[in-house]
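No lab work stands behind these numbers, since they all come straight from the coordinates. This is a predicted model, so every value here is computed, not measured. Note that we place each Cβ from the backbone using ideal geometry, even for glycine, and neighbour counts take in every protein chain shown.
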Amino acid sequence: MKIGFLTGCLNLPLEEIMEFASATGFQTLEVSAWPVINIRDYSGSTIDVTSMDQKKAEEINNLLQKHGLSISSLAYYDNNLHHDLKIRERYLQHLYKVIDAAHLLGVELVGTFAGRDQTKTIAANMDEFEKIFTPLLSYAESKNVKIMIENCPMPGWNRDGCAGTISYSPEQWREMFQRVPSKNFGLNLDPSHLYWLGIDYLRVVSDFKDRIFHVHAKDAIIIKDKMYEYGIFGKQLNRKSEWDIGWWAYRMPGRGEIDWTKFINALKENGYDGVISIEHEDPEYEGTVEKVKEGLKLGYQFLSKEIA
């Protein structure tokens, strides 16, 4: 397995990110590819896909070679089923540009969300999902690109802390893969979300082994006193932000409650030999570039021992 990280946590030029990654020991990068102008939290525009051409792709690949790195995937996670059709179309147009950029760069994977139309039930959203993702997968296949869904429920996208995506559980994954059966469609599996949702993150590895294209390394803790106070739907009054659910928090790998030894062994036993990419959302290692780098270094040191 190779260890990488999602680049959006570092607001630095691509080559500076490469220099840090290579010096730390990382072998690959999951490159953030949101629009240059956007307001999403934890997003990033490490590359501008709207201006990508063959010349720029060659320049990036030459830099990767210089620093001994590769790109594991391009990352653009937005609400592809947004209820406002103008916003939805804008997100989808950008996603198609990310696929084009991946093709030019020779990158196999593009990661995104399914999303959710908040005005409809999850069952009704599955019809929308099939309508949107069937041609999307067809286009991606024509560009030799695979599409993968990350399994975050995005509770901040919905009122009252309920799920803002339709792709956070095995029930929903089975429905997605039945409706869009392309073998180029899979998961960017993140155990941290499964953990706080109470889903067995070890069992899903064997149940969905053929659909795991990429793995996010993010840890989580459950704050039991807050769980008592708020319940599973989270804080409902006096939230600091839409994401202030209150009873769980993300941590760097090794700083939370995920059993990484068992999880990585399960991946190995089920034939996964791909990338484990740190998705940095640990609030204790945010605020400055140096704090983010410190967190990434800790995550790398921990994972490198686990996969040895």
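Once the stretch 1-117 is represented by equal point scatterers at the alpha-carbon sites, with solvent omitted, what log10 I(q)/I(0) does the Debye formula produce at q = 0.11, 0.21 Å⁻¹? Log10 of I(q)/I(0), two decimals: -0.35, -1.16. With helices as the sole contributors, the chain gives -12500 deg cm²/dmol at 222 nm; each DSSP H run of n ≥ 4 counts as -39500 (n - 2.57), and the sum is divided by every residue. The distance between label points at Asp244 and Ser43 comes to 2.3 nm (points 7 Å beyond Cα on the Cα→Cβ vector).
Across the stretch 2-307, Cα-Cα pairs farther apart than 27 Å form 40% of the total.
Only one residue of Ser304, Thr119, Gly4 has its Cα farthest out toward the positive end of the dipole of the chain, where Lys and Arg carry +1 and Asp and Glu -1 on Cβ, and that residue is Thr119. The share of Cα pairs per 10 Å bin across the stretch 149-275, counted from zero up to the longest distance, runs 12, 41, 32, 13, 1 percent. The alpha carbon centroids of the stretch 206-279 and the stretch 148-184 are separated by 15 Å.
Bridges between two residues of the stretch 2-307, per DSSP, are antiparallel at a rate of about 15%. For the stretch 1-93, relative contact order (Cα pairs under 8 Å, six or more residues apart, normalised by length) works out to 31 percent.
Let me have the relative contact order for the stretch 119-271, percent, based on Cα pairs under 8 Å that are six or more residues apart.
In percent, rounded to a whole number, it is 21.
Take every pair of alpha-carbon atoms less than 8 Å apart whose residues are at least six positions apart; their mean separation over the length of the chain yields a relative contact order of 17 percent. Size check on the stretch 15-67: the Cα extents along the three principal axes, sorted descending, read 31, 27, 14 Å.
Of the cross-linked pairs Lys218/Lys305; Lys146/Lys209; Lys2/Lys97; Lys146/Lys305; Lys56/Lys146, those separated by over 25 Å at the C-alpha level are Lys2/Lys97; Lys146/Lys305. Taking every Cα-Cα distance in the stretch 203-308 and sorting them into 5 Å bins from zero, the calculated P(r) comes out as 2, 12, 18, 18, 17, 15, 12, 5, 1, 0 percent.
Model label sites at Lys66 and Gln54, defined 7 Å from Cα along the beta-carbon direction, differ in position by 2.2 nm.
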